[in-house]
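Remarks on the structure that follows.
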Amino acid sequence: MHLILATALGVYLYSPVGGIAAVELAVQVLVFPALAPSGLLMWKGHRVRGRLGR
């Protein structure tokens, strides 16, 4: 999931597709807010699972 979201962000930043208003809104509302927690879960997910008792 994180790789797919990061790819979408990269396409937005480095291609002319970023100029489209709908794409810009999708990145701001969907992609970036989902990218940050998925990165945190990859980084500290073992601690979260440990605290949940798994």
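Which of the residues belonging to the stretch 25-35 are open to solvent by less than 70 Å² (accessible area, probe 1.4 Å) and free of Cβ contacts under 8 Å to residues at least 24 places away in the same chain? Residues satisfying the conditions are 26, 27, 33.
Hey, could you check the stretch 8-24 for residues that are within 11 Å of the chain's Cα centre (by Cα) and among the small types (Gly, Ala, Ser) and say which is surrounded by the most Cβ atoms within 10 Å (Cβ to Cβ)? Selected residue: 8. Restricting to the stretch 42-52, what's the tally of residues that are of a type outside the set (Phe, Trp, Tyr) and open to solvent by 100 Å² or more (accessible area, probe 1.4 Å)? Total satisfying the criteria: 6.
Restricting the first member to the stretch 1-22 and to residues that are under 16 Å from residue 33 (Cα atoms), and the second to residues that are aromatic (Phe, Trp, Tyr) and open to solvent by 50 Å² or more (accessible area, probe 1.4 Å), the beta-carbon pairs closer than 7 Å and six or more apart or on different chains are 9/32.
The values are calculated or read from the model by the stated rules, or taken from the named source; none is laboratory data. Keep in mind it's a predicted model, so treat the numbers as computed, not measured. Note that each Cβ is placed from the backbone with ideal geometry, even for glycine, and that neighbours are counted across all protein chains shown. For accessibility, only protein heavy atoms count, side chains too; no ligands or nucleic acids. Shrake-Rupley method; radii C 1.70, N 1.55, O 1.52, S 1.80 Å.
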